[in-house]
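The structure under discussion appears below in the form of structure tokens.
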Amino acid sequence: MIVSHPARVLFVHVQKTGGSSVQSVLLERLPGAEKLAGLPGAKHAHLTDALAHDPGLATYWTFGFVRNPWARLWSWWSMISRREDQRAGGNAWADRRIANNAFWRGTLELETFERFVLEGPDRFARLRTPQRDYLRAGEREADFTGRTESFGADFRTACEHLGIEAPPEEPRRNADPGAAQRPPYREQYTPAMRDRVAELFAADLDAYGYDF
């Protein structure tokens with residue numbers, strides 16, 4: 001989560017939505033931008049926790065990004081699997097990253113994407129938390145919600161509001177360089193997996209109009 005008190009801006013970083021790219025641009029270009037520390041969930045804290053920490057943030061212009069839930073879970077699994085492949089190939093950074101990340105280690109213990117979808121949410125709260133829950137606190141909702149599917153255009157809209165220069169079109173940080181060669185996410189789901197995601201993220205489907 002990024003805050004700028006001079007600009008009165010709060011960015012809520014939902015996992016696997018392009019938030020690392022947004023964060024890096026804000027820290028570089030938005031006056032007074034800094035990481036909001038000391039919250040549950042660290043950089044992926046909920047708006048509710050930020051406002052409990054500092055009620056004055058409720059008046060700040062707040063924004064974040066969301067993503068199709070089925071695509072988001074496939075991207076999450078693919079990222080962690082890619083790091084495991086790197087570790088198996090002798091990559092020291094990937095080895096340290098997995099060793100120090102309990103969620104990544106637990107995900108790899110599930111062994112398959114099917115188990116990740118069907119069993120993972122029972123083990124990890126982040127895999128059963130609707131994205132909308134990150135971006136609202138009671139009656140307070142984010143002022144602007146962009147979408148990963150239209151990331152470039154939506155981030156430019158946010159930058160225009162903030163009065164900062166938008167970055168040039170370029171791959172997002174942490175994006176999978178081989179994503180274009182991977183099978184579409186829809187091909188990874190059985191009917192039971194598809195229904196499980198629809199149940200878990202019903203609030204996102206209703207709020208943002210996503211479907212399989």
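The values are calculated or read from the model by the stated rules, or taken from the named source; none is laboratory data. Only a predicted model underlies this, so the values are computations on that prediction, with no experimental measurement involved. When we count neighbours, we look across all protein chains shown, and the Cβ atoms used for this are built from the backbone with ideal geometry, even at glycine.
Looking at the structure I just gave you, is residue 33 crowded, with 16+ Cβ neighbours inside 10 Å, aliphatic (A, V, I, L, M) and in contact (Cβ under 8 Å) with a residue 60 or more places away in the chain?
No; evaluated as a whole, the condition is false for this residue.
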For this session: Hey, could you check region 21-30 for residues that are crowded, with 16+ Cβ neighbours inside 10 Å and within 18 Å of the chain's Cα centre (by Cα) and say which is farthest from residue 162 (Cα to Cα)?
Result: 21
Exercise. Among the listed residues 144, 124, 116, 155, which satisfies the condition of being free of Cβ contacts under 8 Å to residues at least 24 places away in the same chain and over 13 Å from the mean Cα position of the chain (by Cα)?
Worked result: 124
For this session: Give the residue that is surrounded by the fewest Cβ atoms within 10 Å (Cβ to Cβ), with candidates limited to residues of region 1-16 that are of a type in the set (A, V, I, L, M) and touching a Lys or Arg at 6+ places or on another chain (Cβ under 7 Å).
Result: 2
Problem set entry | Failed condition for residue 40, given (1) farther than 27 Å from residue 202 by Cβ; (2) surrounded by fewer than 21 Cβ atoms within 10 Å (Cβ to Cβ) | (1)
Problem set entry | Filter result (touching a Phe, Trp or Tyr at 6+ places or on another chain (Cβ under 8 Å) and closer than 22 Å to residue 17 by Cα) within region 86-126 | 97, 98, 103, 106, 107, 113, 116, 117, 124, 126
For this session: Of all residues in region 95-113, count the ones that are crowded, with 17+ Cβ neighbours inside 10 Å and more than 20 Å from the chain's Cα centre (by Cα).
Result: 1
Exercise. Can you find a residue in region 57-64 that is of a type in the set (Val, Ile, Thr), closer than 25 Å to residue 136 by Cα and assigned to a helix (DSSP H, G or I)?
Worked result: yes
Problem set entry | Boolean, residue 132 is part of a helix (DSSP H, G or I) and modelled with pLDDT under 95 | no
Seminar exercise, completed: Of the residues in region 7-50, those that are in a helix (DSSP H, G or I), small (Gly, Ala, Ser) and on the phi < 0 side of the Ramachandran plot come to 19, 20, 21, 24, 50
